[in-house]
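Have a look at the structure below, then the notes.
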Amino acid sequence: MPTKNFRMGKFDGAEKISGETLAANIEKRGGKTKHGCHTGCIIQCSQVYHDKDGKYLTTGFEYETIWGFGADLLVDNLDDIANMDRTCDEAGMDTIEMANTMAMAMEAGIIAWGDGKGVLAELAKVGTKDPLGRIYGNGTAYTAQAFGVDRVPVVKNQALPAYDPRAVKGVGVTYATTPMGADHTAGYGVCQNVLKCGGDVDGHKKEGNIEISKNLQVATAAVDSLGLCLFVAFAVLDDARGVPCMAKLVSGLIGKDYSVDELVGMGVNCLKDELDFNKRAGFTDADDQLPRFFQTELLPPHNVGWDYTAEELQAAKV
Ligand code: SF4
């Protein structure tokens, strides 16, 4: 759990912002601990969260949102985090990007670490004519540049999500190499590194993590291209029948046989198109790397580092 702008991997206030606390609050105040974003979903990963007076506050604030506005900013008040989520939802802002943007404001001394009310006040400026709000609205990299911050967790100018790449290297390789920038959903190595779903690869060591990231990037591109919710990927990874079943779904849709090889090929082609787009937009292999501080600082409590070269990381690309 990246803490204080990726300085540590452990947050003392974690229990106060945990899923258990969230569920207990919902049970006490009303709301829903399960909620589907569309009809027919049997997973129902979302929730409806009320304030302490039992009034609707927000919907579907997830691990990444709670991490970003919580541990990464040293904020341990779940209701403040829920309010930050609501503010972002109402303005159409991505919570990972804005949480990292607020970390830049903390690095610059505009907000004190851990000051949830201070974050809410700054977030409220986005979308108004306030000069700081205009800076924040451009995201993490822009805000860091404006304030002269040099500890900037972005890849290809996209802010990092809720898994430290030094300790969860499978997803770290994805952050560095996916055409979209630091996107955990583009190849969720957390599966094999932490959840042990679809394999068991040590996230602290380099061995095997380029391979899992590459395979996951291909599979994810195929799942995304089909318009399926990414959470089906867990079923696909955990059961040998998963991928053939997806190919059968496509066969049923198009009315002719569609093979597993074609499905995998679709994922590969999708990534190739994206890489080609990036190349023509001016990105080079040197952009497939994490920010420098990950390479120079070890992450406590396990004191793991990041020592992949950009050349090594090319093997994760199709
Ligand atoms: S994101 Fe996926 S798992 Fe979550 S509620 Fe929507 S369809 Fe269901």
DSSP beta bridges in the chain: the antiparallel percent, rounded to 5, is 90
Counting all Cα-Cα pairs in the chain, those more than 28 Å apart amount in percent to 44
Taking every C-alpha to C-alpha distance in the range 14-158 and binning by 5 Å from 0, the per-bin percentages run 2, 10, 19, 22, 19, 13, 9, 5, 2, 0
Packing-ranked peptide list from 103-112, 30-39, highest mean Cβ count within 10 angstrom first, is 103-112, 30-39
Between the modelled labels at THR39 and ASP285 (7 Å from Cα along Cα→Cβ) the distance in nm is 5.1
So, over other residues within a Cβ distance under 10 Å of ASP115, counting Lys, Arg +1 and Asp, Glu -1, the net charge is -1
With the label point 7 Å along the Cα-to-beta-carbon line of ASP239 and a cut-off under 17 Å to each amide N, the hits in the range 177-197 are 197
Taking placed amide H atoms and a strict 5 Å upper bound, the residues 5 or more places from VAL304 or on another chain that come that close are LEU299
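A short reminder: the numbers here are calculations on the coordinates, not readings from a lab. As the structure is a prediction and not an experimental result, all values here were calculated from the model. Backbone-built Cβ (ideal geometry, glycine too); neighbour counts: all protein chains shown.
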